[in-house]
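What follows is one structure encoded as structure tokens, with my remarks underneath.
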Amino acid sequence: MDQKKIDRINELARKSKTPEGLTAAEQAERQALRQEYIQAFRANLKQQLDATVIVEPDGTRRKLAPKAGQKPKS
């Protein structure tokens, strides 16, 4: 997500706290931008976790695995 969209999210958040509030169109825009931000955040976190390895005391390296009983999300 680019900085311009993050700035717009912050602008809408500030405006929502004013007495005039947000219009219905602005509320819909804010919700869409939030969803896009959350998707980008999750994708970035997944990419970081996929690249993480654990180095065992004997020097072997292994990738992180999902917790037992949890299905990995696609």
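Is there a residue in segment 38-51 that is surrounded by 13 or more Cβ atoms within 10 Å (Cβ to Cβ) and either among the acidic types (Asp, Glu) or modelled with pLDDT of 95 or more (or both)? Yes: one or more hits.
Applying a threshold of 7 Å to beta carbon distances and a minimum spacing of six or more residues, or different chains, the list of pairs starting in segment 30-48 at a residue that is without any contact (Cβ under 8 Å) to a residue 40 or more places away in the chain and ending at one that is outside any helix (DSSP H, G or I) reads Arg30/Leu22; Glu36/Met1; Tyr37/Met1; Ala40/Met1.
Quick check: anything in segment 34-51 over 15 Å from the mean Cα position of the chain (by Cα) and part of a loop (DSSP other than H, G, I, E, B)? Full working, then the answer.
Pass one, segment 34-51, residues over 15 Å from the mean Cα position of the chain (by Cα): 50-51.
Filter once more, so that each one left must be part of a loop (DSSP other than H, G, I, E, B): 51.
Taking every residue of segment 34-51 in turn, at least one turns out to be over 15 Å from the mean Cα position of the chain (by Cα) and part of a loop (DSSP other than H, G, I, E, B).
Gln70 fulfils the conditions (1) in a helix (DSSP H, G or I); (2) modelled with pLDDT under 95; (3) not hydroxyl-bearing (Ser, Thr, Tyr) except for a single criterion, (1). Restricting attention to segment 17-26, the residues that are among the acidic types (Asp, Glu) and part of a helix (DSSP H, G or I) total 1.
Exactly one of these conditions fails for Arg14: (1) open to solvent by 100 Å² or more (accessible area, probe 1.4 Å); (2) not in a helix (DSSP H, G or I). Give me its number. Going through (1) open to solvent by 100 Å² or more (accessible area, probe 1.4 Å); (2) not in a helix (DSSP H, G or I) one by one, Arg14 breaks only (2).
The values are calculated or read from the model by the stated rules, or taken from the named source; none is laboratory data. From a predicted model like this one, the values you see are computed outputs, not experimental measurements. In this analysis, Cβ positions are derived from the backbone assuming ideal geometry, glycine residues included, and neighbour counts consider all displayed protein chains. Calculation scope for accessible area: heavy atoms of the full protein, side chains included, ligands and nucleic acids excluded. Shrake-Rupley method; radii C 1.70, N 1.55, O 1.52, S 1.80 Å.
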